[in-house]
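Here the structure is laid out as structure tokens; the discussion comes afterwards.
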Amino acid sequence: MSKTKFFAKPFITLVVLVFVVAAIIYLQSQKVIISSSANPQLQTEKEKGSKYPKAPDFVGIERWINSEPLKIEQLRGKVVLVDFWTYTCINCIRTLPYLKDWDKKYHDKGLVIVGVHTPEFEFEKKYENVLKAVNDYQLKYAVAQDNNYATWSSYQNRYWPHKFLIDIDGYIRYDHIGEGSYDETEKMIQLLLNERMERLGKKDKIETGTSNILSPDVDFSKIGTPEIYFGYQFDRGNLGYDNLKPDSTTDFKLSPKPSKNLVYLEGKWKYNADNMELISDEGTVMLAFEAKKINMVAGSGGKSDAYVFLDNSPLNEKTKGSDMLVKDGKSIINISEYKLYNIASAEDYGTHIIELQVGGKGFKIYTFTFG
């Protein structure tokens, strides 16, 4: 028995040693191959899977602009920024200069930006309208038309804009809702691109500076009026009239005592799902709002125009919006295409009254937004 014991121990040791070596080889085979720099930011697939969700694919896309159809899987090895936006959203529009700058700076270093255009209004579903907006804003990166909210739903999204950063293994490493945090977002882009460089075994580093873009002059703490919707599908109680019936036409009268943050109308208007439509030849829109700047999403089936007054006076060179024409003491806006129109900017934040005297039936107004 002593011999048996003598030979048994080395045999067991050998078996254990073989098992340990095999286990090490197996575990190593499960790791993502990285460079030998031992960068703590680089993680194995298993580690990432326990921390971060996998990025869903682009599904239900009707058309692609600036690109052939893309799949998340084919973008493995790239850093991908997915930006949910829609072209009349003022918050989205104010982020576009940053996206364009990041695309210019980092595209050749491995960043792919995909703007997923998910429409808020019916007219934003038209390919021609989206294409024109992409060209007007000079966007060079890929834009996907997500008209049926398929990709939006896959990402469990609820906001415009909403950015998702996806790493080289297809994991969502960062997301940001709304405007702001541009430096934070860019630094995360740089971190993920540096991970990519490590993976490729390159010694180059991504520069750590951030974009020097002049941010819009907006003090959100001083905006006291929410975005106002005119259609019943998005009604938030900001129309100054009760018991309006969907798809009905009403001959409205302005209120002698208007309340702040309530819209008042004059003339015949039809209460549509996502807009108010002028049925009479002329009509008026009036709102007392608390902010400095005011924008309008609108359009017209024909040619409509509106004289615009801020605090009961025509706009001037200081108070006119970029889409306004001031001439001979009058301020007028021509409305044809469906888009966001920059109307006016008061000299200071506070409570102001905007009045649009509209001519041309077929005019449709969708929202007022503020800055």
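The values are calculated or read from the model by the stated rules, or taken from the named source; none is laboratory data. Keep in mind it's a predicted model, so treat the numbers as computed, not measured. So basically every Cβ, Gly included, is an ideal-geometry build from the backbone, and we count neighbours across all protein chains shown.
Looking at I113, I168, which is the one that is assigned by TED's automatic domain parsing to the domain that holds S50, touching an Asp or Glu at 6+ places or on another chain (Cβ under 6 Å) and either surrounded by fewer than 21 Cβ atoms within 10 Å (Cβ to Cβ) or within 16 Å of I72 (Cβ to Cβ) (or both)?
I113
Evaluate the following for S336: is it outside the structural domain of E124 (by TED's automatic domain parsing) and within 30 Å of K125 (Cβ to Cβ)?
Criteria met by S336.
Return yes when K100 is charged (D, E, K, R) and over 25 Å from D235 (Cα atoms) and no when it is not.
Yes: the conditions hold for K100.
Are there any pairs, at least 6 apart or on different chains, whose C-beta atoms fall under 9 Å, with the first in region 127-138 and under 13 Å from L96 (Cα atoms) and the second charged (D, E, K, R) and part of a helix (DSSP H, G or I), and if so, which?
Qualifying pairs under 9 Å: A133/E124; Y137/K100; Q138/K100.
Conditions first: (1) under 27 Å from L262 (Cβ atoms); (2) surrounded by fewer than 22 Cβ atoms within 10 Å (Cβ to Cβ); (3) over 30 Å from the mean Cα position of the chain (by Cα). G321 passes all but one, so which condition is the exception?
Condition not satisfied by G321: (3).
Sort out which residues of region 146-171 are in a loop (DSSP other than H, G, I, E, B) and of a type in the set (S, T, Y), and write them in order of number.
So in region 146-171, the residues in a loop (DSSP other than H, G, I, E, B) come out as 146-149, 155-161, 167-170.
Matches in region 146-171: Y149, Y155, Y159.
Suppose the filter is assigned by TED's automatic domain parsing to the domain that holds Y349, part of a loop (DSSP other than H, G, I, E, B) and touching a helix residue (DSSP H, G or I) at 6+ places or on another chain (Cβ under 6 Å); does P258 pass it?
no
Of everything in region 285-340, what is over 17 Å from T351 (Cβ atoms) and of a type in the set (D, E)? Give them in sequence order.
Result: D305, E317, D323, D328, E337.
Is it the case, given these coordinates, that Y174 is aromatic (F, W, Y), part of a helix (DSSP H, G or I) and surrounded by fewer than 22 Cβ atoms within 10 Å (Cβ to Cβ)?
When the stated conditions are applied, Y174 does not pass them.
Identify, from the list W85, W152, the residue that is buried (at least 18 other Cβ atoms within 10 Å of the Cβ), farther than 18 Å from T369 by Cβ and not assigned by TED's automatic domain parsing to the domain that holds Y341. Can you show your working first?
On the way: W85 fails: farther than 18 Å from T369 by Cβ.
Just one listed residue meets the conditions, W152.
Among the residues of region 281-340, what is the count of those that are more than 11 Å from L356 (Cα to Cα) and in a loop (DSSP other than H, G, I, E, B)?
Total meeting the criteria: 19.
For region 339-366, enumerate the residues that are touching a Ser or Thr at 6+ places or on another chain (Cβ under 8 Å), within 24 Å of P216 (Cβ to Cβ) and touching a residue at least 60 places away in the same chain (Cβ under 8 Å).
Keep residues of region 339-366 that are touching a Ser or Thr at 6+ places or on another chain (Cβ under 8 Å), which gives 339-340, 342, 344-347, 355-364, 366.
In the following step, the residues that additionally are within 24 Å of P216 (Cβ to Cβ) were identified as 339-340, 342, 344-347, 356, 366.
Selection gives K339, L340, L356, Y366.
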